[in-house]
Amino acid sequence: MQETDFIGGFAKGLKVIEAFGAASPRLSIADVSRRTGLDRATARRCLLTLAKLGYADYDGKFFALTPRILRLGHAYLSATPLPQIVQPFLDRLSQEVGQSASASVLDGTEIVYIARASQRRVMSINLIAGSRLPAYCASMGRVLLAALPEQEVRELLLRSELQAFTPLTKTEPEELLDELAKVRNRGFAVIDQELELGLCSIAVPLRNDRGTVIAAINIGAPAAQFHASELADRFLEPLLAMSSTLRPMLQ
């Protein structure tokens, strides 16, 4: 892409939208400026533009995104066939194993949920299509990272905020690289309460008809019911069966 094709103002507006999140639903101009690296005047113009177009509310001090912003995510989910293809298979898998099942894709340092079949609420947050989690400590994230070249993985880990969500979270880059090597070799990832205490999960890659990893699917289970070491014996076979069934359908 040539430099003249890049629209800086549009890019700044997207950065402002991405500054909002579950932990920061209401932000001031100063907050957005700090989170995005934009000067206050630019942050202010972007925020007021979002408010003018109905994508944000403004109470005189704080801005908050409105439901209208969901149109942006809905456009992706509607235009991409993958969620529609995967959802009925997740529904059947979830019913078969009696646990929640999900599918996600990698977006930078995070995974984005594109489909989910929930049996019960396992995490403290309500995961739905569009939800995001850090890739480095999520089972689907590790499967997706393991499919990338090592240098690209190193760069993504450098860009990630490697925080410990629980005492069990792996945060050292070299330890994570070793773990990803194991995932790459065995073909699946298991997470034992690294993202949230009480939650363990197992994930496998979802490949297209050319063998390229395009997404990941997982099963999440309460740690009080299943020890992480049991997950492969209990859930790996149905996950691999679903992945194998879907492969010819995906391009």
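The values are calculated or read from the model by the stated rules, or taken from the named source; none is laboratory data. The structure displayed is predicted, hence computed values, not measured ones. Ideal geometry is used to build each Cβ from the backbone, glycine not excepted, and the neighbour counts take in all protein chains shown.
May I ask you to list the residues in segment 135-155 that are assigned to a helix (DSSP H, G or I) and surrounded by fewer than 18 Cβ atoms within 10 Å (Cβ to Cβ)?
Hits for segment 135-155 are 150, 151, 152, 154, 155.
Which numbered condition in (1) farther than 18 Å from residue 205 by Cβ; (2) at pLDDT below 95 is the only one that residue 149 fails?
(1) is the only condition that residue 149 fails.
Could you tell me which numbered condition residue 49 fails, if it satisfies all but one of (1) touching a residue at least 24 places away in the same chain (Cβ under 8 Å); (2) under 27 Å from the mean Cα position of the chain (by Cα); (3) surrounded by fewer than 17 Cβ atoms within 10 Å (Cβ to Cβ)?
Evaluating residue 49 over (1) touching a residue at least 24 places away in the same chain (Cβ under 8 Å); (2) under 27 Å from the mean Cα position of the chain (by Cα); (3) surrounded by fewer than 17 Cβ atoms within 10 Å (Cβ to Cβ) leaves (2) as the failure.
Looking only at segment 193-225, filter to residues that are more than 23 Å from residue 89 (Cα to Cα) and in contact (Cβ under 8 Å) with a residue 24 or more places away in the chain; which one of those is surrounded by the fewest Cβ atoms within 10 Å (Cβ to Cβ)?
Step by step, filter segment 193-225, then rank; the result is 224.
Quick check on this structure: which one of 33, 28 is outside the structural domain of residue 132 (by TED's automatic domain parsing) and touching an Asp or Glu at 6+ places or on another chain (Cβ under 8 Å)?
Going through 33, 28 in turn, just one is outside the structural domain of residue 132 (by TED's automatic domain parsing) and touching an Asp or Glu at 6+ places or on another chain (Cβ under 8 Å): 33.
Does residue 119 qualify as being over 25 Å from residue 174 (Cα atoms), at pLDDT below 90 and surrounded by fewer than 18 Cβ atoms within 10 Å (Cβ to Cβ)?
Answer is yes for this residue.
Looking for whichever is under 21 Å from the mean Cα position of the chain (by Cα) and not charged (D, E, K, R) here; the options are 187, 211. Which one fits?
187
Taking segment 22-46 as the search range and keeping residues that are within 27 Å of the chain's Cα centre (by Cα) and of a type in the set (S, T, N, Q), which one is surrounded by the fewest Cβ atoms within 10 Å (Cβ to Cβ)?
24
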